[in-house]
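Data block below; observations after.
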Ligand code: PEP
Ligand code: MG
C-alpha cells in the first residue's frame with residue numbers, strides 16, 4: 001500500500017530503489033530469558049563477542065605509533081582491563097547460566113549492577129570510569145550483533161533506511177552504489193548530511209516513521225529536496241518522478257555553462273567563491289567548477305570511521321594531494337574539529353561528556369593533546385611546500401587560544417626550516433568565527449590572524465541555544481533569525497574595518513536563495529560544497545550589490561523570520 005512519509009530534505013536529488021532497513025542495536029531493555037538447552041550456545045556467543053572486542057582493542061593498540069601510543073594507549077589498556085575483569089565475566093556467566101537470561105539482557109543487567117557500585121563511590125575518578133564501562137559494554141554488544149556479512153552489505157541499487165548513520169560509513173556505502181539514505185533522526189546540519197551533499201547522495205533525515213513503516217525490499221521513492229519518502233509509489237508518483245528528473249537535468253545543463261563564467265555581480269563586483277572539499281573527487285569537482293580555492297578542508301574526516309589515528313606522514317600525503325589537486329589555488333586546512341559526540345567513530349578514545357558541543361571540542365581538544373596538534377601542524381606545513389596553504393583553527397573563543405596555536409605553528413615552522421624540510425614561504429593563519437564570543441570580539445584579535453572563516457552552522461547553534469543536530473528543533477534552529485543577521489553584519493563590519501579577508505563556509509553560504517542576504521550584510525567571499533558552486537555563482541551573477549546595500553537597513557530592522565522572508569522575496573522579485 002502506498003504511504004508518504006515526511007522528513008527533512010538533507011541532500012537533494014531523487015532516487016527510486018528497493019529498501020534495505022537497518023534497525024539499531026540497542027541494549028535489550030525488557031527481560032529476555034532463554035531455554036535451558038540454549039544456555040551453552042548463549043555462553044558461546046558471549047565468549048566470542050568478548051574475544052572479538054578484545055581483538056579489536058589489541059588491534060587498535062598495535063596500530064598506535066610514536067607519542068600517540070602513550071596518550072591514547074592508556075585508555076585502551078584500561079578497556080582491556082575492564083573486559084578481563086573476573087567480576088564482570090563471572091557475573092555475566094551467572095546471569096546466563098543461573099538466571100537464564102539472554103547474553104544481551106545479561107549485559108544490560110551486569111552493566112547496571114556495576115554502574116550502581118561505581119556511582120555509590122564518593123570519588124570522581126570512579127564516576128568517570130562509568131564512561132569506560134559503557135564503552136566496553138557497547139563494544140561487546142556491537143560484536144554480539146555483528147552479522148557475518150556486516151561491512152560487506154551489498155547495497156548496490158538500494159536505499160538505506162536507518163536510525164542514524166555515521167559520516168565515515170556514508171562515504172563507504174556510497175562507494176558501493178547506494179542510491180539514497182533515509183534516517184529516523186538527524187538534521188541537515190549534521191556532518192553526515194554535509195558528506196551526503198558532497199557525494200551527491202540524496203538524503204532525508206528526521207523521518208520519524210521510516211523504521212516502523214518500511215520493510216526490506218519495499219519499493220521506495222526518495223525526494224531529497226522536499227524531504228519526502230514514498231513507500232510503494234503509484235504510477236502518478238513515478239510519472240512525477242520522471243518529470244522532475246528531466247527538469248533537474250535541464251537545470252544542470254544550464255548551470256554547466258557557468259563553469260568558466262566570472263563570479264561577478266550585475267554591477268561588476270568580483271566575489272570570491274571557494275569550495276568546502278576533502279575527498280579527491282570533491283577537489284576535482286571544485287577545480288572543474290572554477291573555484292578560487294578550497295575554503296574549508298575538514299581534517300576530522302581523516303580521523304573518523306577507523307580504529308587508529310592517522311600519523312603525520314599519512315596526514316601530510318592527504319593534505320599534499322589536496323594542494324596539488326587545486327593546482328596553485330589556496331587550500332584552507334582546518335585543524336581537527338572533533339569532540340566527544342564523534343568519539344566512538346575515531347581512534348582518539350575521547351571521554352563521554354554530558355554536553356559534547358560545549359565541551360572539549362575543536363581547538364580545546366587540540367590544545368589538550370599537544371602531540372596530536374603538532375603532528376597535524378607539521379603535516380600541514382610540509383604540504384605547504386607544494387602550493388599555498390592556509391591553516392584554520394576551529395571553535396576558538398579567546399585570544400589566548402589563538403596565541404597558543406599560532407606560537408606552536410611558528411615554532412614548528414622554524415624547526416622544520418632549520419632541519420632543511422621544505423615548507424612554503426608564507427603559511428596563512430586564520431580562525432573560525434563560530435562562537436558568539438569570537439564573533440563579538442573579532443576586532444580584538446585581528447592582529448593575530450591573516451583571515452577568518454565564519455562557521456554559521458555552529459554560530460547559529462550557539463547563538464540561538466539550538467542543537468544543530470536535533471531533529472525536533474528544526475524550527476528553532478534558524479539561520480534567518482534577526483539575531484543571526486545582526487551578528488553577521490557586525491562580524492563583516494569588523495573584518496572590513498581591519499582589512500581582514502573573511503569568508504563564510506557554513507551551509508548558509510551554499511543556499512543560493514540566501515545569497516542576496518549575505519551580500520547585503522557585507523559578505524564578499526563564499527565557500528560552499530562543490531555541488532552548490534554553480535547555483536551560488538548563478539545567484540551572485542543575478543545580484544546587484546548597489547541595490548542590496550541600499551536595502552540593508554530594512555533587513556536589519558526585521559524583528560522576526562517572516563519579515564526576513566518577505567525582505568528576501570521582495571529582493572528576489574527585483
Ligand atoms: C560551521 O560550523 O559552520 C562549519 C563550517 O564547521 P562544521 O560544520 O564542520 O562544524
Ligand atoms: Mg563548526
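On the beta carbon distance between residue 353 and residue 317, with R0 = 35 Å, the FRET formula returns roughly 0.65.
Please say if the range 260-572 is rounded, prolate or oblate, where rounded means a/c under 1.5 for a ≥ b ≥ c the square roots of the C-alpha gyration tensor eigenvalues, and otherwise the choice is prolate for a/b larger than b/c and oblate otherwise? Display every interim value, and only then the final one.
On the way: a/c = 1.75, a/b = 1.39, b/c = 1.26.
Here the range 260-572 falls in the prolate category.
Quick one: 140, 533, fewest Cβ neighbours within 10 Å first, how do they rank? Kindly include the intermediate steps, with their values, before the conclusion.
On the way: 140 22, 533 28.
By the 10 Å Cβ count, ascending: 140, 533.
Taking the fewest neighbouring Cβ atoms within 10 Å as the starting point, the ordered list for 161, 248, 98 is 98, 248, 161. Largest first, the three principal axis extents of the alpha carbons in the chain are 81, 70, 43 Å in whole numbers. With respect to the chain, whose longest principal axis is taken over its alpha-carbon atoms, helix 545-556 is tilted by about 60°.
Could you give the angle, 0 to 90 degrees to the nearest 10, between helix 561-573's Cα long axis and the longest principal axis of the Cα atoms of the chain? Tilt of helix 561-573: around 50 degrees. Helix 66-83 and the longest principal axis of the Cα set of the chain meet at an angle near 40°.
Calculated from DSSP H runs of 4 or more alone, at -39500 (n - 2.57) each and per residue, what is the 222 nm mean residue ellipticity of the chain, nearest 500? Before the final figure, lay out each step's value.
Values: 23 runs with 283 residues, N = 574.
Dividing the helical sum by the residues of the chain leaves -15500 deg cm²/dmol.
Dividing the convex hull volume of the Cα atoms of the range 158-253 by its residue count, what figure in Å³ per residue is obtained? Mind dumping the intermediate values first?
On the way: hull volume 9.8 nm³, N = 96.
Taking the convex hull of the Cα positions in the range 158-253, it is 102 Å³ per residue.
So if each residue of separation counts as 0.36 nm, and I subtract the Cα-Cα distance between residue 447 and residue 476, what length gain in nm does that give? Between residue 447 and residue 476, full extension yields an extra 6.9 nm.
State whether the range 344-474 is rounded, prolate or oblate according to the following rule on the C-alpha gyration tensor (a ≥ b ≥ c being the square roots of its eigenvalues): a/c under 1.5 gives rounded; otherwise a/b larger than b/c gives prolate, and the remaining case gives oblate. Prolate. Is the range 476-537 rounded, prolate or oblate when judged by the Cα gyration tensor, a ≥ b ≥ c being the square roots of its eigenvalues, rounded requiring a/c under 1.5 and prolate requiring a/b larger than b/c? Oblate, since a/c reaches 1.5 and b/c is not below a/b.
Modelled label positions at residue 364 and residue 172, each set 7 Å beyond Cα in the direction of Cβ, lie 3.0 nm from each other.
Full extension from residue 418 to residue 551: what is 0.36 nm times the residue separation minus their Cα-Cα distance, to one decimal in nm? Can you show the working numbers first?
Values: separation 133, 0.36 × 133 = 47.88 nm, distance 5.41 nm.
Computed gain between residue 418 and residue 551 is 42.5 nm.
Label sites at residue 493 and residue 560, each approximated as a point 7 angstrom past Cα along Cα to Cβ, lie 2.6 nm apart. Annotation: the residues 535, 425, 282, 249, sorted from fewest to most other C-beta atoms within 10 Å of their own C-beta, follow the order 425, 249, 535, 282.
Each value in this text was obtained by applying a stated rule to the coordinates, not by laboratory testing. The shown structure was predicted, so the numbers you read here are calculated from the model rather than taken from an experiment. Cβ coordinates were reconstructed from backbone atoms using ideal geometry, including for glycine residues, and neighbour counts include every protein chain displayed.
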